[in-house]
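The values are calculated or read from the model by the stated rules, or taken from the named source; none is laboratory data. Predicted, not measured: the structure shown is a model, and the values here were computed from it. Cβ placement follows ideal geometry from the backbone for every residue including glycine, while neighbour counts extend to all protein chains displayed.
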Amino acid sequence: MAHTENEILAGLAEIVNEETGVATEDVQLAKSFTDDLDIDSISMMTIVVNAEEKFDVRIPDEEVKNLATVGDAVKFIEGAQS
Amino acid sequence: MSASRSRVAVTGLGTVNPLGGDIASTWEAALAGTSTARTLDNDWKETYGLSVDFACQVVPGALDSLTRPESKKLDPSGQYSMVAARQAWADAGSPEVEPERLGVVVGTGIGGIWTTLDQWDVVRERGARRVNPFTVPMLMANSSSAQISMELGARAGAHTPVSACASGAEAVALGMSMIRDGRADVVVVGGTEACIHPMTLAAFANIRALSGRVDDPQTASRPYDVDRDGFVLGEGAGILVLESEEHAAARGARVYAYASGRGMASDAHHISAPSAEGQARAVREAIGDAEVSAKDIVHVNAHGTSTPLGDIGELNAVATALDGVTDQIVVTSTKSMTGHLMGGAGALESIFSTLAAYHRIAPPTINIENLDPETPMRIAQNAPVDLPGGDIAVLNNAFGFGGHDIAVVFTSA
């Protein structure tokens, strides 16, 4: 069953919190992973791997660099759901 | 002592080990003669057919100060060393030092073996894509020294001696060299290990290195007892803050003791069997380097792993190095209480040696029911022993598979 945008945002926030300690309420659509949330490249990959599992999607490596903001990631995951 | 060479002060201590999650509780439990060996609370024996299913595990709650994201980015060996390093740094009074004058030397015997094996399980069971992206930084042997250097902003150099069970003591020796060579004013040194894993237990058991006393694990680690039959696997980390005497004095730091001499030798003899000749050379070098006499050595924290050959052979090597001047010595193997911390052992035992010189008391060697009549020196047998006043020196030995012999001499402040 496809997840809604809000569900994906909430799920992503949980992953980000789990992996980096960033508070879930700070994980907002407009926030940049690197500039606002201070997430480094390896942490970003842990988020990607966990998001793939949680939402049952595939996020290709070449796509990861395009996921600058939380909103980018939510939008990609939303579109990638079958 | 040469006029140009700086003395090396020990100004901070930290540890996570089976006896305690900090220095105070560890020292208290050590003086009380506490055994930490327990049957493991898991199904490894039934599932894998392990012949030895006991070990000395780090005390519960010792890692509670780590945040969850921190824990997820560190192998257990890195978690132990990080907590111990933070303790040691705070204990030293968080010294102000230029980043380029602050170094780190933290050794390990194996590195992140839990991470290595766990992630291999992930590959096999869930596929390559699910492997934790932090796997490499977690499993690499230099993970602890690198992480601690980042934690403290240490830029004089971060080094990782890997010399099996001598690693932690070798880190102390190399840290002393960094200060003496003028590369740093303060160096955070130590060792860590977290390898209580069914594969490791099986591997050590298969070379008959472990005690097989499965029915009575608490008394299994019994150095110098006639019925000793091998070591008990332990885990944990010990970290010391070393500081040039001038730097410590300028900030009015408390000095526990001085790391005054170190000896380093290699046997070139056998991959696992010890060599008394190499051990004696390391001890002799350490005593000469410390510029003390044999009669100044009043306490030895021995490598003493509770193996039939190793324990007595080591003491005979010490006696050789001291030209037989040993009547003033009381020997302890704290491994009787902690088990064998492998790469962490030489560091934790350097801490015990430092505290022995500071408090002037030698912790006990427990579980001696029948002292081996071949024991050539007095042992702190089942009870602590007071050490004399005045200037005293304490010798710590650590030896590793591969023929690595390290000796460090600590002198009273």
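I'd like the full set of residues that are modelled with pLDDT under 95 and within 14 Å of chain B (Cβ to nearest Cβ), limited to segment A:1-19.
Selection gives A:E18, A:E19.
Could you list all residues from segment B:381-413 that are of a type in the set (D, E) and surrounded by fewer than 24 Cβ atoms within 10 Å (Cβ to Cβ)?
B:D386, B:D391
Residue-wise test of (1) closer than 21 Å to B:S177 by Cβ; (2) assigned by TED's automatic domain parsing to the domain that holds B:I271; (3) surrounded by 21 or more Cβ atoms within 10 Å (Cβ to Cβ).
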{"site": "B:P99", "(1), (2), (3)": "yes, no, no"}
{"site": "B:G103", "(1), (2), (3)": "yes, no, yes"}
{"site": "B:V123", "(1), (2), (3)": "no, no, no"}
{"site": "B:V136", "(1), (2), (3)": "no, no, no"}
{"site": "B:L139", "(1), (2), (3)": "no, no, yes"}
{"site": "B:S163", "(1), (2), (3)": "yes, no, yes"}
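If we only count helices (runs of 4 or more DSSP H) wholly inside segment B:33-147, which ones have 2 or more residues that are away from every other protein chain (no Cβ under 14 Å)?
In segment B:33-147, the matching helices (runs of 4 or more DSSP H) lie at B:44-48, B:76-91, B:113-126.
Would you mind telling me which numbered condition in (1) among the charged types (D, E, K, R); (2) more than 22 Å from the chain's Cα centre (by Cα); (3) surrounded by fewer than 18 Cβ atoms within 10 Å (Cβ to Cβ) B:K73 fails?
Single failed check for B:K73: (3).
Test B:G168 against the criterion of being more than 14 Å from chain A (Cβ to nearest Cβ), surrounded by fewer than 19 Cβ atoms within 10 Å (Cβ to Cβ) and within 21 Å of B:R180 (Cα to Cα), and give yes or no.
Spelling it out, it is not the case that B:G168 is more than 14 Å from chain A (Cβ to nearest Cβ), surrounded by fewer than 19 Cβ atoms within 10 Å (Cβ to Cβ) and within 21 Å of B:R180 (Cα to Cα).
Scanning for something touching a Leu at 6+ places or on another chain (Cβ under 8 Å) and buried (at least 19 other Cβ atoms within 10 Å of the Cβ), does segment B:60-68 turn up at least one residue?
Looking for residues that are touching a Leu at 6+ places or on another chain (Cβ under 8 Å) and buried (at least 19 other Cβ atoms within 10 Å of the Cβ), one finds none in segment B:60-68, hence no.
Just name the residue that is surrounded by the most Cβ atoms within 10 Å (Cβ to Cβ) out of those in segment A:1-26 that are of a type in the set (V, I, T) and under 11 Å from A:V74 (Cα atoms).
Of everything passing the filter in segment A:1-26, A:I8 is surrounded by the most Cβ atoms within 10 Å (Cβ to Cβ).
I need the full set of residues from segment A:27-49 which are closer than 15 Å to A:E78 by Cα and within 11 Å of chain B (Cβ to nearest Cβ), in order please.
Of everything in segment A:27-49, just one residue is closer than 15 Å to A:E78 by Cα and within 11 Å of chain B (Cβ to nearest Cβ), namely A:V48.
So A:G71 ticks every box in (1) under 11 Å from the mean Cα position of the chain (by Cα); (2) surrounded by fewer than 14 Cβ atoms within 10 Å (Cβ to Cβ) but one. Which box is left unticked?
(2)
Consider B:D372 carefully, then state whether it is among the acidic types (D, E), assigned by TED's automatic domain parsing to the domain that holds B:V300 and in contact (Cβ under 8 Å) with a residue 40 or more places away in the chain.
Taking the combined requirement at face value, the residue satisfies it.
Which condition number does A:V74 fail, the rest of (1) within 14 Å of chain B (Cβ to nearest Cβ); (2) over 17 Å from B:P133 (Cα atoms); (3) hydrophobic (A, V, I, L, M, F, W, C) being met?
(1)
So, in segment B:124-161, how many residues would count as being hydrophobic (A, V, I, L, M, F, W, C) and over 23 Å from B:W89 (Cα atoms)?
The total comes to 6.
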